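Contents: one structure, followed by commentary.
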Amino acid sequence: MGQSHRRKKHQDMMGKDANSWVGADQDGIVVIGAGAVGCATATYIAEQGRDVAIWSPTGKRLSIVNEKEVEFTVTRQAGNKLVRVQGLIGKDEIRKYPTVIVCLPATAYRTVFEDIVEHLVSGQTVIISGALSLSPVWLYELGRRHGVELCVVGWGTTLTTAHFLADGVLYMNSPRDVIPMFPVGTKDNGKLAYELCVNIFGRRFLLTATLLEATLSNINPIAHAAEVIPNLTRMEKAEDWPLFGNFLSAGARLASALDDERLAIASAFDIRLRTLAEHYRNSYHVEGNTLADVVAQIESTGQGPSGPTTIMHRYILEDMPFGLAVFEKLAQACNVSVPAISACLTLLNIFYSQDFRKSNDLILDLDFDTLSDYKLSL
């Protein structure tokens, strides 16, 4: 495909504001974040024969090959593979890429978004992988305050599950079969944003009717609360323990109670979601009648990661204020009782001597009573 044709194709997809984008690579994709999910996402893109670059605020996980490339080792059932992709030295280069994929913990959203917004340009599509805390609305509004018109896509989960092994090798599972998504800042009912995601990652996307549906589809807050609360002393003692291997019947009952409340919130907004067990079957490609059965199969097939070895872990510091506390706030907005969600937050507040309901630096800027409809639904 010639460069002029690619430029026209991109402008047709992005609309009139695409003329503000002046990238050197019409089809290029940049991943923001070099954690496990960021590296796994970049690996998938590279394996499709596409140009992909990584920019990391810290770059701790990346081995720099030369001034323009970074590499890391990925392991899957087929064995190990060395992956090499472009590495961006400066964040100013982000403006060159029409598609930006954010793979960051929610605790880094505000700092990184405010750091890179001056390097974003009108016409770009920014995808937030596993978006928490209605972050697509927050980034869209931040861009507008800087004179930048973005299409910000929130995914309800990540492309795949992945984690770094003790030796620094990335363990990467197969891509999920279904990824809920919702675009903010689009005028075509999300059609082109959906087509862009499908074009890059295949037909695994579910275009939701509202941003709330994509937000409530993210099961990490409830799953991680149920996984870590019964195992906090293991985390504090830095024990070596299997996350799913210790997600036994008690943890499954807690997770089911939290999941029931998540589904009740969704129902109050006329949204029907998959259960946590259904999500796990889709993500890990296993079977099982009950949640406990599904989790046991994940562990027995060797797909489960090790549990956290510190209490200062993103499962708590990210998913409680940016996930579970948001669920509680949404429940209050629609008058749904969520005693299990509230109890977990209160209990963790005591454990950590920290108020997770007030630790979210994004949600404080969002007024749930005045958010206009176009930001939450198509």
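Some notes on this structure:
- Taking only the C-alpha atoms of the range 116-211, the Rg (one decimal) and the largest Cα-Cα distance, Dmax (whole number), read 14.7, 46 Å.
- The average projected area of the range 219-367, computed from the convex hull of its Cα atoms over all directions, is 8.8 nm².
- Loop-located GluC sites (Glu not before Pro) in the range 260-291, at most 12 other Cβ atoms within 10 Å (DSSP): Glu287
- Positive-end residue of Asn66, Leu192, Gly90, charge dipole of the range 3-215 with Cβ unit charges: Leu192
- Equivalent ellipsoid dimensions for the chain as semi-axes, Å, which come from the Cα gyration tensor, largest first: 32, 25, 19
- A Cβ-based charge dipole, computed about the Cα centre of the chain with Lys and Arg at +1 and Asp and Glu at -1, lands at about 720 debye.
- Between 0 and 90 degrees, the angle of helix 339-352 with respect to the longest Cα principal axis of the chain falls at about 90 degrees.
- The C-alpha atoms of the range 3-215 occupy a region whose extents along the principal axes are 46, 37, 35 Å, arranged from largest to smallest.
- Computed lengthening from Glu278 to Arg50, 0.36 nm per intervening residue step minus Cα-Cα distance: 78.9 nm
- Those trypsin sites (Lys or Arg not before Pro) in the range 141-206 that DSSP places in a loop and that have at most 14 other beta carbons within 10 Å: Lys187, Arg203
Every number in this text was worked out from the coordinates using simple rules, so none of it is lab data. The structure displayed is predicted, hence computed values, not measured ones. Counting neighbours? That spans all protein chains shown, and the Cβs are built from the backbone with ideal geometry, glycine included.
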